[in-house]
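Each remark here refers to the structure printed beneath this line.
The values are calculated or read from the model by the stated rules, or taken from the named source; none is laboratory data. Note that the coordinates shown come from a computational prediction; the quantities given were computed from them, not determined experimentally. All Cβ positions, glycine included, derive from the backbone under ideal geometry; neighbour counts span all protein chains shown.
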Amino acid sequence: MQDKSKIPPRLSEIRKENPFSTPDNYFDEFPGRIRSRITAREEESKVFPTFEKIWQVLRPQLALVAIIAGFAFLGYHGFRFISEPDQVDVSGDQISEFFEFQYYNYDHSLLLSELDEEDLLEDFYQEDEETEAYIEYLTWDDNLDLYAIVAEF
Amino acid sequence: MQDQSDKELLKLFRISSSRNYAFDMIVRKYQERLYWHVRKIILNHEDTDDILQNTFIKIWNGLDNFREDSHLFTWLYKIATNEALNFLKSKKRRYFLPFSDYEHSAGRELESDPYFNGDELQMKLQKAIVTLPEKQRLVFNMKYFDEMKYDDMSKILDTSVGSLKASYHHAVKKIEKYLNEN
């Protein structure tokens with residue numbers, strides 16, 4: 001005789017009972033819980049009835065506007081992309097070249113100005129002081145000899 | 001008799017003074033059948049409880065528009081089934097679970113479920129059912145445990161009777177195979 005434990009279990013041999021259970025009194029309490037959820041939702045809708053009504057009226061219209069705006073946006077850019085593809089590519093390159101040029105140019109001048117700014121100003125002021133000294137000398141005590149200047153030039 | 005009673009409840013529901021009473025009667029009448037239907041799909045109690053609550057909220061919101069073309073219980077089962085299947089889909093999506101992982105996690109959950117009182121063979125049967133594709137699982141549970149008629153199942157699942165019979169046949173074969181191999 002075949003050992004019973006080796007017989008493969010088959011569907012027909014399994015007890016056809018519900019193997020699941022629920023917490024105690026679950027079905028007694030469930031209708032009350034549903035009732036309180038529905039009441040809470042109704043209270044909420046009473047607090048904001050006007051807003052809800054307005055929202056319910058506006059919602060489909062806003063959705064329609066959003067869809068139309070979306071199609072218009074896609075249509076406009078799609079049309080531009082199809083009708084002017086070269087211009088878009090060239091302008092992209094130009095933009096990158098411009099930025100590259102500006103970058104190096106800016107960097108270069110910045111470097112120069114950083115290095116030379118103090119010396120250049122010093123020279124300028126020195127030159128200015130010398131000029132003033134000449135003018136002062138020439139205008140002081142009638143040192144300005146017009147005949148000598150005319151003869152010189 | 002049952003149809004008459006459902007019709008009466010629907011009539012009472014449409015009168016504002018008896019609306020709450022009628023809905024309460026509908027909940028009491030169908031809560032257990034819907035609970036066990038959802039529980040066999042979902043397996044654990046907490047999720048089943050959430051789904052059952054959402055099902056009855058949807059029923060409350062939609063009962064005014066129920067046209068009585070079908071039986072009330074068919075409509076209720078349909079809502080509960082959709083809620084349960086949507087829950088499963090969102091759960092798999094939320095945890096990025098492929099089907100095989102879902103199968104394993106559902107099996108593990110069942111082993112630690114305090115509200116599962118079955119013996120070893122019943123546990124094995126539930127694990128076998130979890131391995132079935134969604135539709136076969138539904139059909140097997142509804143036919144094998146609930147002993148539902150194919151005509152009623154056809155209305156709930158929007159599937160032909162022939163297709164349901166084929167699904168049940170495949171499901172039984174797969175379960176037998178699983179039980180023999182495990």
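Scan segment B:159-182 for residues that are more than 14 Å from every other protein chain (Cβ to nearest Cβ) and aliphatic (A, V, I, L, M) and jot them down. If you could, list the steps in order and put the result at the bottom.
If we filter segment B:159-182 for residues that are more than 14 Å from every other protein chain (Cβ to nearest Cβ), which is where we start, we get B:159-167.
Across segment B:159-182, the qualifying residues are B:161, B:164, B:166.
Here is the figure for segment B:97-135: residues that are at pLDDT 85 or above and away from chain A (no Cβ under 12 Å) total 6. Segment B:1-94 holds helices (runs of 4 or more DSSP H) entirely within its bounds, and those carrying 2 or more residues that are within 11 Å of another protein chain (Cβ to nearest Cβ) and out of contact with any strand residue (DSSP E or B) (no Cβ under 9 Å at 6 or more places or on another chain) map to B:19-42, B:45-62.
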